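The values are calculated or read from the model by the stated rules, or taken from the named source; none is laboratory data. What you are looking at is a predicted structure, and each value in this text was computed from that prediction instead of being measured. Methodologically, a virtual Cβ is constructed for each residue, glycine included, from the backbone with ideal geometry; neighbour enumeration extends over all protein chains shown. Just the protein is used for accessible areas: all its heavy atoms, side chains included, with ligands, DNA and RNA removed. Shrake-Rupley method; radii C 1.70, N 1.55, O 1.52, S 1.80 Å.
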Amino acid sequence: MANVKVRLMDKDEDYKKMGTKKGTIEVWEDGKRDDDRAGVYEWWYFDMILDDGSKVVVHFNTKDNKTIDKEGTIPSVVIKITSPDGKEYKDNVILAAADAHFGKDRCDVKFGPHFLDGDLKTYHIHVDRTGGVNGTDGSGGQGEASDVGCDLILTSTAKPWRPGAGGFAFDEDGYFTWLCAVPRGTVTGTLYYDGKEHQVTGAGYHDHQWGNVKHNTTWDHWIWGRQDFGDYAILVFDIGTQKKFGYQRLPMMFLEDKDGNLVMEDLTTPKCKFLQEYKEKLSEKMYPKEIEYIFKQDDKVAKYTIEQAYELEARDPTAQLPKIMQGALKLKGLHPSTSRNFAKGTLEFLDGQQVIRRSGDMIYEFVYMGTTVKEKMEN
């Protein structure tokens with residue numbers, strides 16, 4: 001099979017097709033962007049690192065990995081809460097298509113009693129107490145279902161960002177898009193878990209993705225991470241495609257100052273080096289433990305190092321398959337697995353003669369479809 005051409009959508013015709021503008025992101029861009037035909041998915045994702053030590057992930061999905069090929073909307077709400085003592089509480093509520101409502105002029109998503117509402121500046125994230133119905137998360141994660149919920153306000157302290165007109169084109173018909181609606185913000189509100197209501201404050205993030213390329217057959221790996229240093233915020237989303245796409249990398253990186261102004265971005269080919277690896281206990285594959293990136297734009301250079309402290313969550317959906325299917329995947333060089341990690345991020349930014357150094361806590365996700373990854377990420 002010939003390699004599929006993949007490119008950043010940054011041409012004039014791309015902006016016209018997407019309806020977006022260069023240098024400007026509008027409120028409608030976080031509304032419903034696609035239809036729900038078979039093969040198309042869309043989700044709104046939020047995560048928070050809170051002052052009491054808890055961590056939260058919420059996402060509203062039009063479909064999950066198991067239902068992408070089906071026609072229509074199969075809405076689900078996933079909420080995962082990691083308590084200050086490290087215990088995870090999670091649930092995945094799957095609803096009927098009739099329960100779903102989407103607005104196109106802003107982020108206006110309602111799945112039964114659960115909803116999202118926002119305008120790139122302020123977001124209301126509400127998940128009714130779920131009752132503990134489903135311990136999966138739509139992405140291969142398994143576990144015990146918990147009665148969880150949240151009512152949170154996320155207020156942006158940054159400015160939204162997207163790659164080019166909105167994402168990447170795969171030949172003529174394939175696309176994967178991404179809008180980083182809130183690179184960083186403040187969070188207030190309540191969580192419900194462990195039979196109690198918890199008042200929380202902290203920091204949060206929100207992005208929005210949609211597309212028609214299947215994750216399991218398109219991506220070889222990706223690392224996604226973001227960090228708020230107070231006066232600067234950085235985001236790294238480094239995607240590697242599979243063999244049929246020529247193992248092409250789709251890197252996205254941007255750095256903003258305390259006022260949300262774009263300091264630099266890198267959408268070309270950052271340098272990547274593994275400083276340390278470890279054997280992940282669930283998948284038994286070698287994972288990066290410490291990664292160093294070098295990003296460049298004109299005379300600006302950013303060295304960013306991510307050093308894992310511990311796993312918050314690991315998933316190995318392959319383990320749920322029959323042995324014969326596991327063997328078939330292995331012959332193709334595939335073994336899908338994912339980890340979400342708590343880490344230390346260190347930034348050294350050089351702008352002309354000025355050097356800025358920052359360090360602190362961050363969370364990153366590592367999605368890893370193959371059996372080896374180092375040789376595909378390092379350059």
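Worth a mention:
- So Arg129, is it farther than 17 Å from Trp44 by Cα, open to solvent by 10 Å² or more (accessible area, probe 1.4 Å) and in contact (Cβ under 8 Å) with a residue 60 or more places away in the chain: yes
Results for (1) touching a Phe, Trp or Tyr at 6+ places or on another chain (Cβ under 6 Å); (2) under 30 Å from Thr24 (Cα atoms); (3) among the charged types (D, E, K, R), shown as yes or no for each residue.
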| residue | (1), (2), (3) |
| --- | --- |
| Asp231 | no, yes, yes |
| Ile234 | no, yes, no |
| Lys244 | no, no, yes |
| Phe254 | yes, yes, no |
| Met264 | no, yes, no |
| Leu267 | no, yes, no |
| Pro270 | yes, yes, no |
| Lys279 | no, no, yes |
| Ile294 | no, yes, no |
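- When Gly31, Gly23, Gly19 are checked against the criterion of being modelled with pLDDT under 95 and surrounded by fewer than 20 Cβ atoms within 10 Å (Cβ to Cβ), a single residue qualifies: Gly23.
- Test result for Glu265, of a type in the set (D, E, K, R), touching a residue at least 40 places away in the same chain (Cβ under 8 Å) and buried (at least 20 other Cβ atoms within 10 Å of the Cβ): no
- Leu120 being at pLDDT 95 or above, closer than 18 Å to Leu154 by Cα and assigned to a loop (DSSP other than H, G, I, E, B): yes
- Between Lys87, Lys110, Lys104, the distinction of being within 28 Å of Gly53 (Cβ to Cβ) and open to solvent by 60 Å² or more (accessible area, probe 1.4 Å) belongs to Lys87 only.
- Selection status of Asp52, surrounded by fewer than 17 Cβ atoms within 10 Å (Cβ to Cβ) and touching a His at 6+ places or on another chain (Cβ under 9 Å): yes
- Residue list for the range 65-96, restricted to those being in contact (Cβ under 8 Å) with a residue 40 or more places away in the chain and small (Gly, Ala, Ser): Ser76, Ser83
- So Lys303, is it touching a residue at least 12 places away in the same chain (Cβ under 8 Å), open to solvent by 20 Å² or more (accessible area, probe 1.4 Å), closer than 23 Å to Tyr278 by Cα and touching a strand residue (DSSP E or B) at 6+ places or on another chain (Cβ under 9 Å): yes
- Filter pass, Asp207 being touching a residue at least 40 places away in the same chain (Cβ under 8 Å), within 21 Å of Lys63 (Cβ to Cβ) and either open to solvent by less than 20 Å² (accessible area, probe 1.4 Å) or of a type outside the set (Asp, Glu) (or both): yes
- Selection status of Lys258, open to solvent by 10 Å² or more (accessible area, probe 1.4 Å) and either of a type in the set (A, V, I, L, M, F, W, C) or touching a strand residue (DSSP E or B) at 6+ places or on another chain (Cβ under 9 Å) (or both): yes
- Filtering the range 177-192 to residues that are more than 21 Å from the chain's Cα centre (by Cα) and open to solvent by less than 10 Å² (accessible area, probe 1.4 Å) leaves only Leu191.
To keep it simple, each residue is scored yes or no on (1) under 17 Å from Val236 (Cβ atoms); (2) among the aromatic types (Phe, Trp, Tyr); (3) open to solvent by 10 Å² or more (accessible area, probe 1.4 Å); (4) not in a strand (DSSP E or B).
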site	(1), (2), (3), (4)
Lys273	yes, no, yes, no
Lys289	yes, no, yes, no
Glu292	yes, no, yes, no
Ile324	no, no, yes, yes
Thr346	yes, no, yes, no
Ser359	yes, no, yes, no
Asn379	yes, no, yes, yes
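- Cβ pairs under 6 Å, 6+ apart, first in the range 176-192 and closer than 18 Å to Thr20 by Cβ, second basic (Lys, Arg) and open to solvent by 10 Å² or more (accessible area, probe 1.4 Å): Leu179/Arg162
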